[in-house]
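Contents: one structure, followed by commentary.
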Amino acid sequence: MRKPFTIITTVHNGDAHLVDYFDNLASILGPNDHAVIVDDGSENPVALPDRWLGKTAVTLLHPGRIGRGAALNLALENSPTDLIAIQDIDDASHPDRFDHQAKHLTDHPDGLIFATATSDPWRARFGDVQHIPAARLYFANPLHHSSLAMHRSVWERVGGYDTDLPCCVDLDFYLRAVTIGKANIWRIGTPLITRTLDPQSRYFTRIPADIYQQTLAVVLDRHRTHLPRSIWPILGKLRRLSRGTL
């Protein structure tokens with residue numbers, strides 16, 4: 001039997017997705033799994049459906065509006081298990097997600113283990129799991145935060161998620177986990193999540209473009225000096241190729 005997971009979800013005004021989210025929880029939580037949900041100051045406070053009332057498998061916290069990074073940290077602080085999985089309120093995990101990711105966390109205990117989504121374009125893959133160098137994130141971020149699984153110790157040794165960033169808290173966490181926490185990033189080729197692609201429901205689409213670009217630049221600059229200098233000419237060439245300027 002695999003080790004138990006705690007699935008972490010933060011939500012701010014996610015009313016439209018709550019029914020589907022709690023239905024998904026019922027399909028993925030095993031007998032010893034847990035869920036911690038942090039309501040990050042929703043205008044209509046999140047309430048547990050009747051089926052979850054009085055059950056210890058789900059913890060719902062209402063700290064008020066504290067921001068995404070702080071909400072993630074609060075959820076992790078209240079997680080009763082070593083294995084952690086992240087899920088956004090508007091996405092869904094497949095029933096076999098934990099089984100797949102538990103296996104890879106056994107093989108890679110210092111890993112950030114991501115999965116692909118059913119909506120991802122098909123790409124040729126070699127093997128079931130692919131190593132993603134941190135430098136790859138400077139070209140573009142191909143990782144779904146909603147698919148992340150890890151040991152709690154990775155989060156602990158890098159000091160958790162940044163609580164001051166207005167966005168890009170996931171990217172900052174990945175880069176700190178690799179450059180400071182000596183973690184590795186792995187992506188499973190099997191789709192293990194289904195994502196909601198409606199831009200009206202995605203949190204990042206509501207972030208003003210100038211704030212996103214400024215924060216992205218800050219996050220990338222923070223960690224640039226921790227990566228080998230030899231990668232920058234290669235990444236520059238890849239960017240020019242993608243823009244058709246070579």
Self-check item: Computed FRET value (nearest 0.05) for ARG224 with ASP110, which takes r as the C-beta separation and R₀ as 25 Å
Solution: 0.65
Self-check item: For the chain, built as a Gaussian network whose Cα springs stay under 10 Å, the top-fluctuating residue of PRO80, PRO31, PRO95
Solution: PRO31
Quiz prompt | GNM top mover of PRO133, PRO49, PRO142 - the chain, alpha-carbon springs below 10 Å | solution = PRO49
Self-check item: Cut-off under 5 Å, modelled amide H: who pairs with HIS94 long-range
Solution: ILE193, THR194
Quiz item: Where both residues lie in the range 1-94, what percent of DSSP beta bridges are antiparallel, nearest 5?
Solution: 0 percent
Quiz item: Taking H as built 1.01 Å from N, whose amide H comes closer than 5 Å to the amide H of THR190, not counting residues under 5 places away?
Solution: THR116
Quiz prompt | Nearest-10 value in Å² for the accessible area of GLU156, using the 1.4 Å probe | solution = 100 Å²
Quiz item: Of the beta bridges DSSP finds with both residues in the chain, what % are antiparallel, to the nearest 5?
Solution: 30 percent
Exercise. Could you tell me whether the range 86-189 comes out rounded, prolate or oblate from its Cα gyration tensor? Rule is a ≥ b ≥ c as square roots of the eigenvalues, rounded for a/c under 1.5, then prolate if a/b exceeds b/c, otherwise oblate.
Key: rounded
Quiz prompt | Kirkwood-type radius of the chain, with distances r between different C-alpha atoms, in Å | solution = 18.8 Å
Quiz item: Taking springs between alpha-carbon atoms closer than 10 angstrom, which of GLY54, GLY160, GLY41 fluctuates most in the Gaussian network model of the chain?
Solution: GLY54
Exercise. Return an integer: the convex hull volume of the alpha-carbon atoms of the range 1-52, in Å³ per residue.
Key: 71 Å³
Self-check item: Nearest-0.05 FRET efficiency for SER27 and ARG123, computed from C-beta distance (R0 25 Å)
Solution: 0.35
Practice problem: With a point put 7 Å past each Cα toward its Cβ, work out how far LYS182 is from GLN130 in nm, to one decimal. | Solution: 2.8 nm
Quiz item: Taking Cα pairs under 8 Å and at least six residues apart, what relative contact order does the chain come out at, in percent?
Solution: 21 percent
Quiz item: Rounded to a whole number, what is D in µm²/s for the range 1-94 from Stokes-Einstein with the Kirkwood radius over alpha-carbon pairs (25 °C, 0.890 mPa s)?
Solution: 185 µm²/s
Practice problem: Pop the C-beta distance of LEU216 and ARG65 into the FRET formula with R0 = 25 Å and round what comes out to the nearest 0.05. | Solution: 0.60
Quiz prompt | Net charge contributed by nearby residues that have their C-beta within less than 13 Å of ARG152 (K/R +1, D/E -1) | solution = -2
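The values are calculated or read from the model by the stated rules, or taken from the named source; none is laboratory data. Everything numeric here is computed off the predicted structure, so don't read it as measured data. Don't worry about glycine lacking a Cβ; one is built from the backbone with ideal geometry, like all the others, and counts go over all protein chains shown. Ligands, DNA and RNA are stripped out before the accessible areas are found, and what is left, the full protein with its side chains, is counted by its heavy atoms. Shrake-Rupley method; radii C 1.70, N 1.55, O 1.52, S 1.80 Å.
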